[in-house]
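**Q** Starting off with a structure, shown below.
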Amino acid sequence: MQLNAYLIALKGILTREFLRFVQQRTRFFSALVRPLLWLVVFAAGFRAALGVSIIPPYQTYITYETYILPGLCCMILLFNGMQSSLSMVYDREMGSMKVLLMSPLPRSWLLLCKLIAIALLSLAQVYAFIGLGFLVDVEPPLIGLLTVLPALLLTAVMLGAIGLFLSARIRQLENFAGVMNFVIFPMFFLSSALYPLWKMRESSEWLYWVCSFNPFTHAVELVRFALYAELNLTALLVTGGTALVFTALALLGFNPEQTAGGKRR
Amino acid sequence: MGLDVHHISFRYGARTALDDVSFSLAEGRLNALLGPNGAGKSTLYALLTQLFRLQSGEIRLDGHSIRGPSRVLKQQLGVVFQQSTLDLDLSVMQNLEYHGALHGLSRRQVRQEAGSLLERLGLGDRHRDSIRSLNGGHRRRVEIARALLHRPSILLLDEATVGLDTAARQAINRHVRELCREQSLTVLWATHLIEEIAPDDPVLVLHQGRLQADTTAERLCRQQQVPTLGAAFEQLTGLRAPTPCS
């Protein structure tokens, strides 16, 4: 198969995901409403209770809204990544996954294309959210909008890969609630998205360590530093490593027999 | 292009779905695969389309054994699954373009090919319509057009006419027969509706995972010494041949 065929397939999958996304406009708006509520409502109530001292990458005291902006960007990526697992299960149950699997191209390439499509769509939502942040005076440096792009992309791939990995383990759509309770919420709340880890350590040493080992914490820190044109090497290595491991696990763990009726379950 | 199945068996845990099934498809013909629900037809399709891995036996394409994922086999197969696999949120052409892209066809190539395919299937003016706006018969036609888009030499249809009214079923059946005649397309047509099979069609009867007959419809009637294919089916399976519901 020629290289051209691989690129045509990538374009085809990107176009299909984009068209489906455009058709489901409510998904776009609901993806923005969730973090906006956190930014505007939750942060307003919390800012008085939670002081944020000067910690890298910040050079001065910052508002609580400024602190949680990178975490909320990652929240969008997290929900989108998990939504992708829902969409994979839906495609499997509706049969459209079979169309993908009937392609003569390698399955690993097709799944990788799907992962890239999910990541790119997530990025569009994050930038829309950052744009809305400017309206409520949460203004990261303009150069940060550029430097944060690779960090967001890597995070989106990591979370998309986790979603893809989980989709192979979700038997039915109804089981998606379990993903919410056992993956999304623990990943988000046990991270530095809403509060710095030193604050967590003041309350509980073991919780601090759990948060420190959470890859989502490192993704948030990678985005936080990149938003201020700085590199957090540890965060980059952990996020990149997790993305690699879960991409490999998702590709290896994908079982096409589940798409063909799943009588073996 | 010839497709042969040799001694295929498949089990779901302790349950045997296919038991030592062997046959060769007659090239350029509509080969009917007849069997009641649960006979193993869908499992056979899943093996032919490589959605399932072979547990034993082999598939040969033009005499070459196919082991493991095969790009060549997928290039030669067009498939219409029992359950609709169209994307309801997209239009007819967008569905075709997506399928084409997965087979390495550019948008321009898809449009060139799709125009005549849709025209032949009576959907020439519906390419911009959303799949949601099409009735069941038209959706099936789109699936057939999609299956033929990359010019396969073998078309697999898994109960493609289930749930359609008589007129739609007959139209699809007629069109597939034309394709066999005009383009030498080899078709494997799984059905449990006797009326879709012509007397000279090669017929495979599958029951409880075993191939009960591999002949033509009229020969099968002679062998079983019964006047109709329905009666022959009844003798082979112990079940009444289902009557079409329209």
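**Q** Count, please, the residues in region A:20-44 that happen to be under 14 Å from A:ALA124 (Cβ atoms) and open to solvent by 40 Å² or more (accessible area, probe 1.4 Å).
**A** Number of matching residues: 6.
**Q** Pairs only if they're at least six apart or on different chains, beta carbon under 8 angstrom, first in region B:87-99 and more than 7 Å from chain A (Cβ to nearest Cβ), second among the basic types (Lys, Arg) and not in a helix (DSSP H, G or I); list them, first residue then second.
**A** B:SER91/B:ARG128; B:VAL92/B:ARG126; B:VAL92/B:ARG128; B:MET93/B:ARG128
**Q** Quick check on my filter: what residues within region B:100-115 are more than 9 Å from every other protein chain (Cβ to nearest Cβ) and open to solvent by less than 20 Å² (accessible area, probe 1.4 Å)?
**A** Across region B:100-115, the qualifying residues are B:VAL110, B:ALA114.
**Q** Let me ask something additional. For residues in region A:90-124 being of a type in the set (Gly, Ala, Ser) and at the interface with chain B (Cβ under 8 Å from one of its Cβ atoms), which is surrounded by the most Cβ atoms within 10 Å (Cβ to Cβ)?
**A** Top of the filtered list is A:SER103.
**Q** Another question, if that's okay. Being modelled with pLDDT of 75 or more and among the hydroxyl-bearing types (Ser, Thr, Tyr) is the filter here; which residues of region A:59-82 pass it?
**A** Those that are modelled with pLDDT of 75 or more and among the hydroxyl-bearing types (Ser, Thr, Tyr): A:THR63, A:TYR64, A:THR66, A:TYR67.
**Q** Output the residues belonging to region A:12-23 that are within 7 Å of chain B (Cβ to nearest Cβ) and among the polar types (S, T, N, Q).
**A** A:GLN23 - this is the single residue of region A:12-23 that is within 7 Å of chain B (Cβ to nearest Cβ) and among the polar types (S, T, N, Q).
**Q** Any idea which of (1) of a type in the set (A, V, I, L, M, F, W, C); (2) closer than 30 Å to A:ASN232 by Cβ; (3) open to solvent by 60 Å² or more (accessible area, probe 1.4 Å) is the one A:LEU7 doesn't satisfy?
**A** Status for A:LEU7: all satisfied but (2).
**Q** Does region A:125-143 contain at least one residue that is farther than 19 Å from A:LEU78 by Cα, open to solvent by less than 10 Å² (accessible area, probe 1.4 Å) and modelled with pLDDT under 85?
**A** Yes, there is a match, as at least one residue in region A:125-143 is farther than 19 Å from A:LEU78 by Cα, open to solvent by less than 10 Å² (accessible area, probe 1.4 Å) and modelled with pLDDT under 85.
**Q** Go through region B:28-60 and give me each residue that's away from chain A (no Cβ under 14 Å), in contact (Cβ under 8 Å) with a residue 60 or more places away in the chain and either more than 14 Å from the chain's Cα centre (by Cα) or surrounded by fewer than 16 Cβ atoms within 10 Å (Cβ to Cβ) (or both).
**A** B:PRO36
**Q** Here is a further query. Keeping to region A:195-219, report how many residues are under 19 Å from A:PHE46 (Cα atoms) and either touching a residue at least 40 places away in the same chain (Cβ under 8 Å) or not polar (S, T, N, Q) (or both).
**A** Going through region A:195-219 one residue at a time, the tally reaches 8.
**Q** Of everything in region B:61-81, what is without any contact (Cβ under 8 Å) to a residue 40 or more places away in the chain and more than 9 Å from every other protein chain (Cβ to nearest Cβ)? Give them in sequence order.
**A** Residues satisfying the conditions are B:HIS64, B:SER65, B:ILE66, B:ARG67, B:GLY68.
**Q** Identify all residues within region B:63-91 that are out of contact with any strand residue (DSSP E or B) (no Cβ under 9 Å at 6 or more places or on another chain) and open to solvent by 20 Å² or more (accessible area, probe 1.4 Å); write none if there are none.
**A** Those that are out of contact with any strand residue (DSSP E or B) (no Cβ under 9 Å at 6 or more places or on another chain) and open to solvent by 20 Å² or more (accessible area, probe 1.4 Å): B:HIS64, B:GLY68, B:PRO69, B:ARG71, B:GLN75, B:SER84.
**Q** Among the residues of region B:30-54, count how many are of a type in the set (Gly, Ala, Ser) and out of contact with any Phe, Trp or Tyr (no Cβ under 8 Å at 6 or more places or on another chain).
**A** 4
**Q** What number of residues within region B:167-178 are over 12 Å from B:LEU30 (Cβ atoms) and touching an Asp or Glu at 6+ places or on another chain (Cβ under 9 Å)?
**A** Of the residues in region B:167-178, 2 are over 12 Å from B:LEU30 (Cβ atoms) and touching an Asp or Glu at 6+ places or on another chain (Cβ under 9 Å).
**Q** Tell me the residue from B:SER153, B:SER84 that is more than 21 Å from A:CYS113 (Cα to Cα) and more than 9 Å from chain A (Cβ to nearest Cβ), please.
**A** B:SER153 is the lone residue from the list that is more than 21 Å from A:CYS113 (Cα to Cα) and more than 9 Å from chain A (Cβ to nearest Cβ).
**Q** Now for a different question. Of all residues in region B:60-119, which are touching a Ser or Thr at 6+ places or on another chain (Cβ under 7 Å) and of a type in the set (Val, Ile, Thr)?
**A** Within region B:60-119, B:VAL79, B:THR85 meet the criteria.
**Q** Being of a type outside the set (D, E, K, R), farther than 25 Å from A:ALA219 by Cα and touching a residue at least 24 places away in the same chain (Cβ under 8 Å): is that true of A:LEU39 here?
**A** No, not satisfied.
**Q** A follow-up question, please. What pairs come out if I take residues in region B:180-200 that are closer than 17 Å to B:ASP4 by Cβ and pair them with residues that are surrounded by fewer than 21 Cβ atoms within 10 Å (Cβ to Cβ) and charged (D, E, K, R) whose C-beta lies under 6 Å away, six or more apart or interchain?
**A** Once the first residue is closer than 17 Å to B:ASP4 by Cβ and sits in region B:180-200, its partners that are surrounded by fewer than 21 Cβ atoms within 10 Å (Cβ to Cβ) and charged (D, E, K, R) give B:THR186/B:GLU27.
**Q** Let me ask you something else. Given A:ALA31, A:ALA9, A:ALA43, which one is within 14 Å of chain B (Cβ to nearest Cβ) and aliphatic (A, V, I, L, M)?
**A** Just one listed residue meets the conditions, A:ALA9.
**Q** Report yes if some residue within region B:117-127 is within 19 Å of A:GLY12 (Cα to Cα), away from chain A (no Cβ under 13 Å) and touching a strand residue (DSSP E or B) at 6+ places or on another chain (Cβ under 9 Å); otherwise report no.
**A** Yes, region B:117-127 contains a residue that is within 19 Å of A:GLY12 (Cα to Cα), away from chain A (no Cβ under 13 Å) and touching a strand residue (DSSP E or B) at 6+ places or on another chain (Cβ under 9 Å).
**Q** Something else about it: Counting only residues that are open to solvent by less than 20 Å² (accessible area, probe 1.4 Å) and more than 14 Å from every other protein chain (Cβ to nearest Cβ), which one in region B:12-27 is nearest to B:PRO152 (Cα to Cα)?
**A** B:LEU25
**Q** Six or more apart or on different chains, Cβ under 6 Å: which pairs go from a residue in region B:204-218 that's closer than 10 Å to B:VAL21 by Cα to one that's assigned to a strand (DSSP E or B)? Could you list them?
**A** So the pair list comes out as B:GLY209/B:THR16; B:GLY209/B:ALA17; B:GLY209/B:LEU18; B:GLY209/B:ASP19; B:ARG210/B:ASP19; B:LEU211/B:VAL21; B:GLN212/B:VAL205.
**Q** Another question about this same structure. Which of the residues belonging to region B:107-130 are of a type outside the set (Gly, Ala, Ser) and in a helix (DSSP H, G or I)?
**A** Residues satisfying the conditions are B:ARG107, B:ARG108, B:GLN109, B:VAL110, B:ARG111, B:GLN112, B:GLU113, B:LEU117, B:LEU118, B:GLU119, B:ARG120.
The values are calculated or read from the model by the stated rules, or taken from the named source; none is laboratory data. None of these values were measured; they are calculated from a predicted model. With ideal geometry, Cβ positions are generated from the backbone for all residues, glycine too; neighbour counts draw on all protein chains shown. All accessible areas refer to the heavy atoms of the entire protein, side chains included, with ligands and DNA or RNA removed. Shrake-Rupley method; radii C 1.70, N 1.55, O 1.52, S 1.80 Å.
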